[in-house]
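Working notes for the structure below.
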Amino acid sequence: RAGQFYQQLVSSQKGTPEQVLRYKLGWADAMRRTGNTDTALAMFEELHQQNPANVDIAEGRGLTLVAAGKATDAGRALSEVLEKDPKRWRTLNALGILFVTKNMIPEAMAYYAEALANSPDNAAILNNVGLSQAADRNFPRAIEALQQASRVSKSPAQRKQIELNLAMVHGVSGDLDTAREVAGKYLEGPALDNNLGLYAHLAK
């Protein structure tokens with residue numbers, strides 16, 4: 001819906017150049033968030049060519065490259081963002097994710113820590129910390145991070161996703177009773193049973 005509004009604003013050809021640029025950036029970001037990475041990347045590439053010094057555009061481009069699975073290009077793009085602004089938490093968080101995909105957990109944690117230093121109690125970062133620790137089978141630390149992420153989350157939709165991740169980690173660690181209790185707040189019947197079955201499978 002946000003993307004539709006931004007598209008209308010761009011199509012209206014009204015506003016100052018700065019406003020129009022902000023509309024285009026919002027539109028591209030909306031495309032990224034809805035998973036339309038090809039369209040988003042094309043939009044960010046065009047904006048980046050026209051505004052190479054704009055850090056918001058450069059960061060959006062890097063995040064879209066991450067979402068598109070272009071790890072090498074993403075790493076290069078995000079590193080360029082940090083050269084311009086070393087305190088961008090989204091960029092630091094995304095670099096952490098890239099290190100996890102390479103199974104470099106300590107390096108990922110260093111980037112997450114830096115991201116949290118610049119955006120304390122950020123639920124999105126803490127969620128990634130938890131999932132990354134779970135991938136490394138450090139379940140106590142994963143559970144701790146996800147519980148903290150749930151406490152500080154301000155969005156019901158985000159909290160639901162975090163707590164379903166928490167249920168998964170409990171299940172994968174072998175604690176299916178707690179997994180059922182946590183997931184049961186959001187799922188019931190066959191949906192809950194399917195999730196618990198998946199957790200049990202992953203635990204093996």
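The values are calculated or read from the model by the stated rules, or taken from the named source; none is laboratory data. Everything quoted here is computed from the prediction, not taken from an experiment. We place every Cβ from the backbone using ideal geometry, glycine too, and count neighbours over all the protein chains shown. For the accessible areas, the whole protein counts, side chains as well, though only heavy atoms, and no ligand, DNA or RNA atoms are used. Shrake-Rupley method; radii C 1.70, N 1.55, O 1.52, S 1.80 Å.
Among the residues of the stretch 134-175, those identified as outside any helix (DSSP H, G or I) and open to solvent by 20 Å² or more (accessible area, probe 1.4 Å) are Asp136, Arg137, Asn138, Lys154, Ser155, Ser173, Gly174, Asp175.
What pairs come out if I take residues in the stretch 11-33 that are within 29 Å of Ala74 (Cβ to Cβ) and pair them with residues that are open to solvent by 50 Å² or more (accessible area, probe 1.4 Å) and basic (Lys, Arg) whose C-beta lies under 9 Å away, six or more apart or interchain? Every condition considered, the pairs that remain are Val20/Lys14; Ala30/Arg1.
If I filter the stretch 43-57 for residues that are assigned to a helix (DSSP H, G or I), within 14 Å of the chain's Cα centre (by Cα) and without any contact (Cβ under 8 Å) to a residue 40 or more places away in the chain, do I get at least one hit? Spell out the reasoning first.
Within the stretch 43-57, the subset assigned to a helix (DSSP H, G or I) is 43-50, 55-57.
Subsequent filtering for residues that are within 14 Å of the chain's Cα centre (by Cα) retains none.
Within the stretch 43-57, none of the residues are assigned to a helix (DSSP H, G or I), within 14 Å of the chain's Cα centre (by Cα) and without any contact (Cβ under 8 Å) to a residue 40 or more places away in the chain.
Cβ-Cβ distances below 7 Å connect the following pairs, each with a first residue in the stretch 102-120 that is under 17 Å from Leu78 (Cα atoms), a second residue that is open to solvent by 70 Å² or more (accessible area, probe 1.4 Å), and a separation of six or more residues or different chains: Asn118/Lys87.
Can you spot a residue in the stretch 97-107 that is closer than 28 Å to Ala71 by Cβ, open to solvent by 80 Å² or more (accessible area, probe 1.4 Å) and assigned to a helix (DSSP H, G or I)? Lay out the reasoning, then the answer.
Kept after step one, since they are closer than 28 Å to Ala71 by Cβ, are these residues of the stretch 97-107: 97-107.
Okay, now just the ones that are also open to solvent by 80 Å² or more (accessible area, probe 1.4 Å), so 101-103, 106.
This time we only want the ones that are assigned to a helix (DSSP H, G or I), so: 101, 106.
Looking for residues that are closer than 28 Å to Ala71 by Cβ, open to solvent by 80 Å² or more (accessible area, probe 1.4 Å) and assigned to a helix (DSSP H, G or I), one finds at least one in the stretch 97-107, hence yes.
Just the residues that are part of a loop (DSSP other than H, G, I, E, B) and of a type in the set (Gly, Ala, Ser), please, taken from the stretch 114-133.
Of the residues in the stretch 114-133, the ones part of a loop (DSSP other than H, G, I, E, B) are 119-122.
The answer is Ser119, and nothing else.
Among the candidates Thr64, Thr72, Thr39, which residue alone is polar (S, T, N, Q) and either touching a Cys at 6+ places or on another chain (Cβ under 7 Å) or farther than 22 Å from Val20 by Cβ (or both)? Reasoning before the result, please.
Details: Thr64 fails: either touching a Cys at 6+ places or on another chain (Cβ under 7 Å) or farther than 22 Å from Val20 by Cβ (or both); Thr39 fails: either touching a Cys at 6+ places or on another chain (Cβ under 7 Å) or farther than 22 Å from Val20 by Cβ (or both).
Among Thr64, Thr72, Thr39, only Thr72 is polar (S, T, N, Q) and either touching a Cys at 6+ places or on another chain (Cβ under 7 Å) or farther than 22 Å from Val20 by Cβ (or both).
Here is a check on your reading of the model: is Glu107 over 20 Å from Ala183 (Cβ atoms) and either hydroxyl-bearing (Ser, Thr, Tyr) or within 16 Å of the chain's Cα centre (by Cα) (or both)? Criteria not met by Glu107.
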